[in-house]
């Protein structure tokens with residue numbers, strides 16, 4: 001565990017909590033893509049099946065349970081409790097265009113052709129693109145609430161910090177996971193345009209709105 | 001090495 005990995009995990013946790021609190025406090029999930037949140041729930045579910053087969057550490061187990069729990073809670077708030085506020089008309093990204101190719105790729109390119117490993121690979125690939133429905137929704141409506149941009153910032157920052165963590169682990173531990181690294185790079189690149197808008201607009205006190 | 005040593009990351 002190095003500082004980049006830890007701050008990456010905490011950044012991820014911050015993102016998840018920010019989103020949950022935003023929805024809970026405002027009693028509304030307006031502007032949030034339920035599809036992205038379902039994809040993230042799928043990501044955590046397929047990745048953390050090893051909760052049932054392996055024990056790594058108390059930290060590892062607790063974080064996994066928190067991530068899964070919060071993820072399902074978010075989906076529940078969007079599709080059940082605050083369903084009336086869900087903006088389905090703008091959440092029109094076709095998720096099958098992500099899930100099907102990602103599923104195929106995880107069968108073709110993985111570390112080991114076993115069910116658990118294929119599901120882990122699927123989760124890594126899916127996570128890389130799971131934010132696309134949310135970004136698509138923002139591009140469609142042309143704006144995002146500031147709190148939603150904080151969520152996206154921490155979610156993007158998490159994988160960027162993991163990239164530094166992997167450089168660190170390569171030099172100091174000889175650890176190298178090509179699947180995670182390539183997917184992590186793709187995932188981080190998808191946030192770059194958003195990072196730019198976040199720094200140039202949101203951090204200067206302006207609302208994130210895109211030119212019409 | 002290109003072999004993963006389990007998935008200790010989250």
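The values are calculated or read from the model by the stated rules, or taken from the named source; none is laboratory data. Please read these numbers as outputs of a predicted model, since none were measured by experiment. Quick reminder, even Gly has a Cβ in these numbers, built from the backbone with ideal geometry, and neighbours come from all protein chains shown.
Summary table
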{"read-out": "Check on residue A:120, under 20 Å from residue A:2 (Cβ atoms) and either in contact with a helix residue (DSSP H, G or I) (Cβ under 8 Å, 6 or more places away or on another chain) or modelled with pLDDT of 95 or more (or both)", "value": "no"}
{"read-out": "Some residue of the range A:61-73 being over 18 Å from the mean Cα position of the chain (by Cα), within 14 Å of another protein chain (Cβ to nearest Cβ), surrounded by 13 or more Cβ atoms within 10 Å (Cβ to Cβ) and without any contact (Cβ under 8 Å) to a residue 12 or more places away in the chain", "value": "yes"}
{"read-out": "Some residue of the range A:19-32 being part of a helix (DSSP H, G or I) and within 14 Å of chain B (Cβ to nearest Cβ)", "value": "no"}
{"read-out": "Odd one out for residue A:200 among (1) surrounded by fewer than 13 Cβ atoms within 10 Å (Cβ to Cβ); (2) under 22 Å from residue A:74 (Cβ atoms)", "value": "(2)"}
{"read-out": "Segments classed as helices (runs of 4 or more DSSP H), wholly inside the range A:78-193, with at least 3 members that are surrounded by 15 or more Cβ atoms within 10 Å (Cβ to Cβ) and within 13 Å of the chain's Cα centre (by Cα)", "value": "A:115-129, A:132-141, A:146-173"}
{"read-out": "Residue count, the range A:45-60 (criterion: facing chain B (nearest Cβ under 9 Å), more than 16 Å from residue A:10 (Cβ to Cβ) and either in contact (Cβ under 8 Å) with a residue 12 or more places away in the chain or surrounded by 14 or more Cβ atoms within 10 Å (Cβ to Cβ) (or both))", "value": "4"}
